[in-house]
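Step one of this worksheet: look at the structure below.
The values are calculated or read from the model by the stated rules, or taken from the named source; none is laboratory data. As the structure is a computational prediction, the values presented were derived from the model and not from experiment. So basically every Cβ, Gly included, is an ideal-geometry build from the backbone, and we count neighbours across all protein chains shown. Each accessible area value is taken on the protein alone, full model and side chains, heavy atoms only, with ligands, DNA and RNA left out. Shrake-Rupley method; radii C 1.70, N 1.55, O 1.52, S 1.80 Å.
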Amino acid sequence: MIMRSTDNGRSWSKPRTLVDTPWDDRHPNLAELPDGSILATFFTTPGQGNPFVYPERARHTGLLRSTDGGQSWEKEPRRLPSPLASDGTDGPAIVLADGSIMVVVYGPLTDGDPDRLAVFRSTDLGESWSLLSIIKTDHHL
């Protein structure tokens, strides 16, 4: 759900649906982009279970954009080109000084391994994304 304020937070609109996929949509975050559009990041999870045994139960990070100050949003979430078997994100996109955007997701690469972080970057206001790096440790992140 999303709400808007036009008076610096003194009052708020009624909640409206931002995204409602057939799955469980979680952890939405917003970031204003250099052109004034807004990027929402979140993840969907269709249920519990090992995504290596049940691939249909993998989490997936979703991205939605609004180009009118949050009045309307893209209808279909975009997905990152993640190499992770299942990924999610809990934080907002980060807008860098050069105007590019970074999104960090977490999840397992292979069965039994600890979660890794995957760092993505967009240089075209979120239209396309490239994988910059995968960060791994010998413990759960």
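Counting only residues that are in contact with a strand residue (DSSP E or B) (Cβ under 6 Å, 6 or more places away or on another chain) and among the small types (Gly, Ala, Ser), which one in region 35-68 is modelled with the lowest pLDDT?
Result: Gly62.
Does Asp113 satisfy being over 13 Å from the mean Cα position of the chain (by Cα), acidic (Asp, Glu) and under 16 Å from Leu84 (Cβ atoms)?
So Asp113 fits the description; yes.
Taking the condition of being open to solvent by less than 90 Å² (accessible area, probe 1.4 Å) and in contact (Cβ under 8 Å) with a residue 24 or more places away in the chain, how many residues in region 1-26 meet it?
Of the residues in region 1-26, 6 are open to solvent by less than 90 Å² (accessible area, probe 1.4 Å) and in contact (Cβ under 8 Å) with a residue 24 or more places away in the chain.
List the strands (runs of 3 or more DSSP E) inside region 84-141, counting only whole elements, that have at least 3 residues being touching a helix residue (DSSP H, G or I) at 6+ places or on another chain (Cβ under 7 Å) and without any contact (Cβ under 8 Å) to a residue 12 or more places away in the chain.
Because the criterion is at least 3 residues that are touching a helix residue (DSSP H, G or I) at 6+ places or on another chain (Cβ under 7 Å) and without any contact (Cβ under 8 Å) to a residue 12 or more places away in the chain, no strands (runs of 3 or more DSSP E) in region 84-141 meet it.
Do you know which residues across region 117-133 are open to solvent by less than 70 Å² (accessible area, probe 1.4 Å) and over 16 Å from the mean Cα position of the chain (by Cα)?
Correct list: Asp124, Ser133.
For region 107-116, check the following and say yes or no: at least one residue is touching a strand residue (DSSP E or B) at 6+ places or on another chain (Cβ under 7 Å) and open to solvent by 30 Å² or more (accessible area, probe 1.4 Å).
yes
Taking into account only those residues within region 69-83 that are at pLDDT below 90 and either closer than 13 Å to Leu30 by Cα or not in a loop (DSSP other than H, G, I, E, B) (or both), which is nearest to the chain's Cα centre (by Cα)?
Gly70
Only residues that are surrounded by 14 or more Cβ atoms within 10 Å (Cβ to Cβ) and part of a loop (DSSP other than H, G, I, E, B): list them for region 27-39, please.
Leu33, Ser37 - these are the residues of region 27-39 that are surrounded by 14 or more Cβ atoms within 10 Å (Cβ to Cβ) and part of a loop (DSSP other than H, G, I, E, B).
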